[in-house]
Amino acid sequence: MKRCIALAVWFATTGSVLAQGRNGSGGELIAEQAAYDVKHYDLSLSVDPEAKRIDGTLAMRAEILHPTTTMALDLDQRLNVERITSGDRELEFTHADGRIQIAVPGPVAVPGQEVVIAVAYGGVPREAPNPPWDGGFTWTTTKSGEPWIATSCQGEGADLWWPCKDHPSDEPDSMDLRITVPRGLFVATNGKLMSEEKGGSFDFTFWYLPEM
């Protein structure tokens, strides 16, 4: 049996998929998120099963809808934001109570303007207490003792393991996933497989998720 990591990339599409508390998707859309519309996500993620750790970079391309000096993303507080950039410029930010507040260059005041923000982050993600009903990562093994890893975040939202605008009012047009795992693991997720690369002790898999 192949060792597997299964990644579920959830975007809530209706209000019925909401969970209570800060980890829940949806709720009132704050001004720092209402000011922009997500067009594309590009997530590069490295998974370390031994340390039960993930490290990644999320690049978001968004269209400005309203003048703003701040943009907000959601990310579980268990994960650490290392830096945020836009082009070659490093941006100031705060990360508290599961929300990243980013001071954008500007103000970004022109509706229709596009901005790209990249968030480098990592840490030990929440383990799912009762998957899939109570979400997070599952680090387990098959009956034969092979590693098996999965995510479940249908109610809580994808911000349990990567930075995003976790709200049902704004799904991206598309998304790229670039997943690096130890050699021998097989990545399964939604989307179209574009390429696979093997190098040293790690395998790289690139998936494309067309029109969300």
note = For Lys52, the aspartates and glutamates lying under 19 Å Cα to Cα, once residues fewer than eight places off in the same chain are dropped, come out as Asp76, Glu82, Glu127, Asp134, Glu146, Asp159, Asp203
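Report the FRET efficiency, 1/(1 + (r/R0)^6), for Gln113 and Asp134, where r is their Cβ-Cβ distance and R0 is 35 Å, rounded to 0.05.
Efficiency at R0 = 35 Å is approximately 0.30.
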Cleavage-rule hits (trypsin sites (Lys or Arg not before Pro)) in segment 49-108: DSSP loop, at most 16 neighbouring Cβ within 10 angstrom = Lys52, Arg78
note = Residues whose built amide H sits under 5 Å from the amide H of Asp170, excluding neighbours closer than 5 in sequence, are none
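Students often get this wrong, so check it: of Lys39/Lys192; Lys143/Lys192; Lys165/Lys198; Lys39/Lys198, which have C-alpha atoms separated by over 26 Å?
Table pairs above 26 Å Cα-Cα are Lys143/Lys192; Lys165/Lys198; Lys39/Lys198.
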query = Counting pairs of alpha carbon atoms under 8 Å apart in space and at least six apart in sequence, what relative contact order in percent does the chain give?
reply = 29 percent
inquiry  = On the Cα set of segment 24-121, report Rg and Dmax in Å, please.
reply    = 13.8, 46
key: Within segment 83-106, backbone nitrogen closer than 19 Å to the virtual label 7 Å beyond the Cα of Leu65 toward Cβ   = 100-102, 104
Ser195-Glu92 pseudo-label distance in nm [points 7 Å out on the Cα-to-Cβ vector] = 3.9 nm
key: segment 92-212, dipole about Cα centre (Lys/Arg Cβ +1, Asp/Glu Cβ -1), debye to the nearest 20   = 400 debye
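Rule-based calculations on the coordinates, nothing more; no lab input. Given the structure is predicted, the values throughout are model-derived calculations rather than measurements. Every residue, glycine among them, receives a Cβ derived from its backbone with ideal geometry; neighbour counts consider all protein chains shown.
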